[in-house]
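The values are calculated or read from the model by the stated rules, or taken from the named source; none is laboratory data. Since the structure is predicted, the reported quantities are computational estimates derived from the model, not experimental observations. With ideal geometry, Cβ positions are generated from the backbone for all residues, glycine too; neighbour counts draw on all protein chains shown. Remember, those area values only see protein heavy atoms, side chains included, never the ligands or the DNA or RNA. Shrake-Rupley method; radii C 1.70, N 1.55, O 1.52, S 1.80 Å.
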Amino acid sequence: MRGLLMAMMQQKDKVEKFKTTQNPLDALHAKYSSSTGQTVVGDKEWGHLQIDAVSLYLLILAQMTASGLQIVFNLDEVAFIQNLVFYIESAYCTPLDGVLQDYGIWERGDKTNHGLPELNASSIGMAKAALEAMNELDLFGARGGSSSIIHVLADEAQKCQAVLQSSLVLFLSVQSMLPRESNSKELDSGLLAIISFPAFAVDDPQLIQLTRTAIVSKLQGRYGCKRFLRDGYKTPKEDPSRLYYEPWELRMFDNIECDWPLFFCYLMLDYCFQGNKEAATEYTETLEEIMIRTENGMRLVPELYAVPADKVTEEYQNPGSQERIAMGRCPFMWAQSLYILGKLLQETLSVVSICNVDVFVPNVTKGFLAVGELDPLNRRLCSEKKPDVVVQVVILAEDENIREKLRHHEIIVQTIDEVSPIEVQPARVLSHLYTYLGMVPVQDTASAKNICWFSGRNKKLGLSGRKSRDVGILSTSKLYSLNDRIFAFTPQITDLTRFYVASDYELMIDIFKSEIYFLKSSWQNMLGRPLVVMAMRRIHLGLNPQVQKYLEDHLLKSLVPRPQLLNRAVVRKGKMLKRKMSVRGAIKKTRSIISMEADGFGHCDDRRPSLVLPSQVLTDIDPLGRLSARSPSPEDTMPLWKQGNSSRQRHTSETQYATTEVEELLGMLRETEQLEEQGDILQYLVDTQGLAFITGTTVDGKPVTVKDLLKLLYEKACQQKLWGLVRHSAGMLGKRVEDLAKAVTDLLVRQKQVTVGMPPSNEHTITAPLPEMELRTLIHQAYGDDESTAMLTQELLVYLAMFIRTEPMLFNEMLRLRVGLIIQVSAPCFKVMATELSRTLVCSGEEASEHLLNLSPFEMKNLLHHILSGKEFAISSVGRGNFSIVSCKSSRVSKKSQIGGLLGIESADGSDEMGPERQGQWLRRRRLDGALNRVPRDFYPRVWGVLEKMTPGELKFALAVETALNAIPQPEYRQLIVEALMVLTLVSEYNVGGTLGNIIMKVNGDATLCCAKPQDQRETSLSGGLLCGGAAYVCQHFYDSAPSGSYGTMTYLVRAVAFMLGGLPEDGEIDCTVS
């Protein structure tokens, strides 16, 4: 352990660099010389990024230290160990070439050995175990102090837990990444080290049993267990001259994969820790039968057993029938050491036989070792049932005035000052402390006192400590002792004051409730009770005095004379009216989710009155006394997606007014009292002049730009809750939702890919975490000039991340989350969300789009939840044209994919009849399922049965099928293709036909009702589509038919397949029944 520590410390520069770049080439080396401790291969000559190896070192270091051994002896080594913790903290989401990566336990990454790293469950599990084991560990043991304690943010270990138990229903009945190892390996025997000794990383007993059973049933053989399916290492068919294989070539390794006795050792240890003597003895005896005996009788564990080259054909025909030969290293030290541990743990008689050497031990009945000696941290108990978590919430008042206001509502609280000596600080202070932890006392400028908290910052070694600034609710729900001072921290969500979602208090309350639920479900493996501290401030109960004064001095007054504006010539009313008409609707023209079928963009007549444009515009000083009014991007620079063009590409209706005098538009801006009209004018100015255009007036000696006016419009729209205008102006200003990158990462690490933009040509897939600015740029490029939809996309990504953390079941049967398609279903711009609103409000698509964009953030989140869950909802007006999403009880549509198992499907209410009240239900259901990419259970393995490419449980195969389906732009047509594919899988499963020929891609079936005519007689619209509006020339009534019943879609599809395969009689009638 000391030797490895010294070898890794020689690469301290790599540790520091990797924390920033997370590039595999900057990773710690995985190989060192045992004699010199130096590296033995170059950065590019081996897959060095092996998070499991570093994590295993930290885990064993923690166990050995807890047992009483001291391995670390000075503070420099403590600092390095702390930085190793930071090294593995974020490695679970390492981006490179679109892959979430790590080379894994077998140092090869992707199964094909192309050198592509991937997300491996074994690495994530080992990292989780290491983080939990190292937390609050004193590396100096009983002789240590605060300077030798390792600190781990609880949220980092929880992220690994979320990956292991993420919501991914592909081939299993549980919501978990396990027992799948990675995208290319559906199962791996290496997971035994995660569910049992040494990691004990999984706390769900059912998941542990499921993983163990899957390994034993699918990978176990006579001589051990396969590493994974289609593993060609050391097999007779392997070509040593080739570094990698193509996916379709791996099939030649089926049933001849090598057996590794190593995993019998793991299973033996697993049952020893369970106390299952019979199973442990059984695996011990099986293992000893295949061990190699030396001349002196010593038993050695070989590396693997392979099928002889002359027996391959027989093994193909009858798997497991042929005798195998030992190959590779012998003894295989990894397996040999585990075998010895297993023998030491097992119960013995008076004579103990270890490696065939008899040792007399009188009166020994429990073995040489107890399981507690190998696991002094008691990690083996993590799967034991734990008491219910009680979340404690403390509400404190900012000052006496706030306390008195709460008292009027019979809420008795203390002020922040009254809870002394406990000091209450925001989450950003805790984040700041974690980045400044180090060996040198740090001066706290806020309190002018020295504080000393030891961690990874070390100038001598060139280590900077923690890089990430995120602090989750698990970390802020504890009390901290720091230099004889006790600190409590408010949740990070209370710091979100820079973006417009903070103006929606309903949403903030809902987020807080979600965080509490998440805290309760994630605290199981932590000690004590979580404590959430909420500080009630003026902004929560009323206007801040600074805001009130600002409103009284500026916004609540009429427009006062503006010298540089009013000195200019007065514009004639007629000309101004003409100009006003020319810019009206400028914002709507930028929106891509307005129906293309609308005759015109139009405008609302019931505009809400607004406050008059003030005489002064906002400066860089925020009058609310908060953080900067926009995201951390520099205010004085143009967003990246807007750079290169001083102005946007103008619409035809706008170019004719490109030479309009600016003062004329500014005069209109002064005169109007409608915020929507002000937004149209500013949109027109941005389109024609750009954000940086100087309006010709100054305030306090500073020139006023269009951007300054837009900032003011944004603030006023936030105050009046005009959310459509808020979203649009926020997009023009380049704002972003807080923690956007973190939200996307939360989705990705839970094995969901994300797409933004509108299919089919402008949809971008996000498969790896991206920096904040790259995400914003990608989203804005995907939607072009449509700032409203770009901002809505950011919102929806955050809401999706909230749901996947607290309600992962909502994402069953989904691989990709196509945010653009959730907003806009197909090329003709029919929308999921907007169409649902249109259906409920009984209004046009254009009006529904307006209502959609004007929903408050809370109602937008509520609407998205209803769509994901499949719940029926209704719209209720709450005044001022705003709407509220209300659930309504209905059993008509289930949230599950309605094509289910396809056999014996019943209609939603048990009837095949389509009543008037159910008109459009199945069309809507198919559109929703298609837009959400929801497929039936076991869909991908069954499709594999037709194609037989890769392996049936391989996620890469599922993603390949998903990619092909996503090429279909119409979601209802996509879902119909899914139904047809399920019918084809029945053909394959029941061996109805010898071959399917090319019928998989054949699309030439007539529909029912109005379109059931020969193609040459079919009536079409002017645009070339069907009169009924059906997508892909399939009748809309067919889309709206239930899957089951005499006239259900499945009946037609089954009959069509039977016809294509020649399975129908030429004469006579046939009763086609799906059963």
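In this structure, the amide hydrogen of Thr490, modeled 1.01 Å from its nitrogen in the peptide plane, lies closer than 5 angstrom to those of Gln425, Ala427, counting only residues at least 5 positions away or on a different chain.
Taking only protein heavy atoms and a 1.4 Å probe, the accessible area of the stretch 1-141 is 54% carbon and sulfur. Counting only protein heavy atoms and a 1.4 Å probe, the stretch 1-213 has 31 square angstrom of accessible area per residue. Extension gain for Ile509-Ser33 works out to 165.7 nm (0.36 nm per residue, less the C-alpha to C-alpha distance). By a 1.4 Å probe calculation restricted to protein chains, Glu515 has an accessible surface near 30 Å², given to the nearest 10.
Let me check something: with ligands and nucleic acids excluded, how do Tyr339, Tyr245 order by accessible area (1.4 Å probe), largest to smallest? Mind showing how you got there, number by number?
Working: Tyr339 0, Tyr245 20 Å².
So the residues, ranked largest to smallest area, are Tyr245, Tyr339.
The length gained by stretching the chain between Thr294 and Lys721 to full extension, at 0.36 nm per residue less their Cα-Cα distance, is 145.6 nm.
For the stretch 104-251, the Kirkwood estimate of hydrodynamic radius, built from reciprocal distances between every pair of different alpha carbons, is 17.0 Å.
Equivalent ellipsoid of the stretch 654-733: semi-axes from √(5λ) of the C-alpha gyration tensor, largest first, are 19, 15, 12 Å.
Simple spin-label estimate for Lys405 and Ser67 gives 5.9 nm between the two label positions (7 Å along the Cα-to-Cβ direction from each Cα).
Taking the Cα centre of each part, how many Å lie between the stretch 218-273 and the stretch 678-696? For the stretch 218-273 versus the stretch 678-696, the Cα centre distance is 65 Å.
So how strong a dipole does the stretch 654-733 carry about its Cα centre when Lys and Arg Cβ are +1 and Asp and Glu Cβ are -1, to the nearest 20 debye? The calculated dipole for the stretch 654-733 is roughly 460 debye. Atom-type composition of the exposed protein surface of the stretch 654-733 places 50 percent of the accessible area on carbon and sulfur (1.4 angstrom probe).
Kirkwood radius for the stretch 105-161, taken over all pairs of different Cα atoms as the inverse mean of 1/r, rounds to 13.4 Å.
Rg ratio for the stretch 200-309: its Cα radius of gyration over 2.2 N^0.38 Å, N being its residue count, equals 1.23.
For the stretch 654-733, the solvent-accessible area of protein heavy atoms averages 28 Å² per residue (probe radius 1.4 Å; ligands and nucleic acids excluded). For the stretch 920-965, carbon and sulfur atoms together expose 61% of the accessible surface, with a 1.4 angstrom probe and every protein chain in place. A full extension of the chain between Thr313 and Lys460 corresponds to an added length of 46.7 nm, given 0.36 nm per residue minus the alpha carbon distance.
Just so you know, the Cα atoms of the stretch 1-213 work out to an Rg and Dmax of 16.9, 51 Å.
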